[in-house]
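First comes the structure, then the notes that go with it.
The values are calculated or read from the model by the stated rules, or taken from the named source; none is laboratory data. Just so it is clear, the structure is predicted and the values come from calculations on it, not from any experiment. Cβ: placed from backbone, ideal geometry, glycine included. Neighbour counts: every protein chain shown. Note: accessible area is taken over every heavy atom of the protein model, side chains too, but ligands, DNA and RNA are not part of it. Shrake-Rupley method; radii C 1.70, N 1.55, O 1.52, S 1.80 Å.
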Amino acid sequence: MGVTVVNHPLVQHKLTIMRSKETSTASFRRLLREISLLLCYEVTRDLELTTKTIETPMQEMEAPTLEGKKLVFASVLRAGNGLLDGMLDLVPAARVAHVGLYRDHDTLQAVEYFFKAPSDLENRLVIVVDPMLATANSAVAAIDKLKERGATNLRFVCLLAAPEGVERFTKAHPDVPVFTASIDEKLNEKGYIVPGLGDAGDRMYGTK
Ligand code: PRP
Ligand code: URA
């Protein structure tokens, strides 16, 4: 399955602006939305197509259309919503799951506070979105929960990953491909990605 680093120049350029501590909350949010469109393009690149008969103003044709049930975007709250919004612009018919998790600052364990998902996850591709894969505790917990509720076909999209998080995630869920814009250098002693971009949720929403 493995890890895909999306190194498209537009993604890398926008990511650099997001990383800068000078970037405002408004710009950070707008850039995350823009990057999410490009990441969505990559993660959906191999979706299966079928054809259906339509009539253009000129003639009938067999035209390509997405096959299968509507996909699900699963947003890991809060910061996942920064990726979700743009992805829904590209796939407006997608269903949405919300997984509320926060990282306990002392233990770095993920604590669940909310979960709501479509009931028929087993028949759908579930694309889990969260900008940060640090220790991977949150991503692993989100996917544990989605699998418990029936999901079998999953992908994970983030903006930044730490090598430690990639290792833990791919061991815990080897069946789930990861898409990221960067694998950074390491985690620091507080479990933050470095060089990273700081706390994604705080930068998106202006909290601290
Ligand atoms: C951040 C981020 C991930 C998690 C990553 O969320 O959005 O969910 O940390 O860290 P991990 O890989 O070590 O689990 P946070 O818990 O800060 O919540 P927030 O999105 O509500 O700010
Ligand atoms: N969560 C964040 O938002 N940033 C990090 O660097 C690590 C976890």
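Could you tell me which of the residues Val166, Val176, Val128 is in a strand (DSSP E or B), of a type in the set (Val, Ile, Thr) and touching a strand residue (DSSP E or B) at 6+ places or on another chain (Cβ under 8 Å)?
Checking each option against the conditions leaves just Val128.
Check Thr152, Thr135, Thr170 and return the single one that is open to solvent by 20 Å² or more (accessible area, probe 1.4 Å), touching a residue at least 24 places away in the same chain (Cβ under 8 Å) and within 12 Å of ligand 1 (Cβ to nearest atom).
One residue alone meets the criteria, Thr135.
Is it the case, given these coordinates, that Leu101 is open to solvent by 10 Å² or more (accessible area, probe 1.4 Å), within 11 Å of Val76 (Cα to Cα) and within 16 Å of the chain's Cα centre (by Cα)?
In short, yes.
Name the residue that is nearest to ligand 2 (Cβ to nearest atom), counting only residues in segment 186-196 that are part of a loop (DSSP other than H, G, I, E, B) and under 19 Å from Lys14 (Cα atoms).
My answer is Gly196.
Does Gly86 meet the test of being surrounded by fewer than 24 Cβ atoms within 10 Å (Cβ to Cβ) and on the phi > 0 side of the Ramachandran plot?
Judged against the criteria, Gly86 is not a match.
Let's see how each residue does on (1) within 16 Å of ligand 2 (Cβ to nearest atom); (2) open to solvent by less than 50 Å² (accessible area, probe 1.4 Å):
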site: Glu48; (1), (2): no, no
site: Thr53; (1), (2): no, no
site: Pro57; (1), (2): no, no
site: Val72; (1), (2): no, yes
site: Val76; (1), (2): yes, yes
site: Gly82; (1), (2): yes, yes
